[in-house]
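Here, each number is a calculation from the coordinates, and none is a lab measurement. Worth saying up front: this structure is predicted, and the values here are computed from it rather than measured. Because the Cβ atoms are built from the backbone with ideal geometry, glycine has one as well, and the counts that use them run over all protein chains shown.
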Amino acid sequence: MASRGGKPKPTHLKVVTGNPGRRPLPENEPKPRKAMPKAPAHLNGPAREEWDDMATELYECGLLTSIDRGALAAYCQAYGRWVQAEEALARMAERDPIMKSLITKSANGNIYQNPLVGIANKAMADMVRFAAEFGMTPSARTRTRSERTQDDEDPADKYF
């Protein structure tokens with residue numbers, strides 16, 4: 001069975017990133033309204049802080065719409081879980097100067113990887129995967145053009 005290549009790019013991302021193949025863009029694709037989604041109530045701590053920072057940045061770049069709430073929340077939750085696991089590992093490492101709590105021993109003396117290492121690694125992988133969907137990694141940014149740049153002047157400024 002032949003591979004079909006990568007997953008198709010949504011039309012709004014083709015508009016933002018360019019359409020190098022110059023193929024006609026579909027006209028019947030849903031167009032979500034541009035609105036700042038509300039942060040889910042279950043986000044707290046580092047996850048909520050990341051939402052507050054990233055939602056604003058993504059919205060101002062024109063990369064966040066009303067239906068992106070779940071994907072951004074998943075990114076923020078993965079970020080929060082990664083931070084929590086790394087902080088817990090750092091606290092444990094203070095008591096283990098040799099191995100920095102990367103490994104641990106079972107009751108019968110078997111050595112194994114600290115489960116927090118796996119949690120941190122999984123959360124980090126999830127976080128990077130979701131971040132790429134929003135153009136939040138260096139390589140993803142090379143394929144993304146935003147509607148406004150930081151140096152752009154707000155069109156309303158000339159009236160005030």
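What to note about this one:
- Per-residue Cβ neighbour rank within 10 angstrom, fewest leading, VAL83, VAL128: VAL128, VAL83
- Ranked list, fewest to most other Cβ atoms within 10 Å of each Cβ, for ASP53, ASP68: ASP53, ASP68
- Principal axis box of the stretch 44-142, alpha-carbon based, largest edge first, Å: 54, 25, 21
- Sparse-neighbour loop sites [GluC sites (Glu not before Pro); the stretch 50-86; at most 16 other C-beta within 10 Å; DSSP]: none
- Going by neighbour counts of Cβ atoms within 10 Å, the residues TYR75, TYR59 line up, fewest first, as TYR59, TYR75.
- The charge dipole of the stretch 44-142, taken about its Cα centre with unit charges on the Cβ atoms of Lys, Arg (+1), Asp and Glu (-1) only, comes to about 520 debye.
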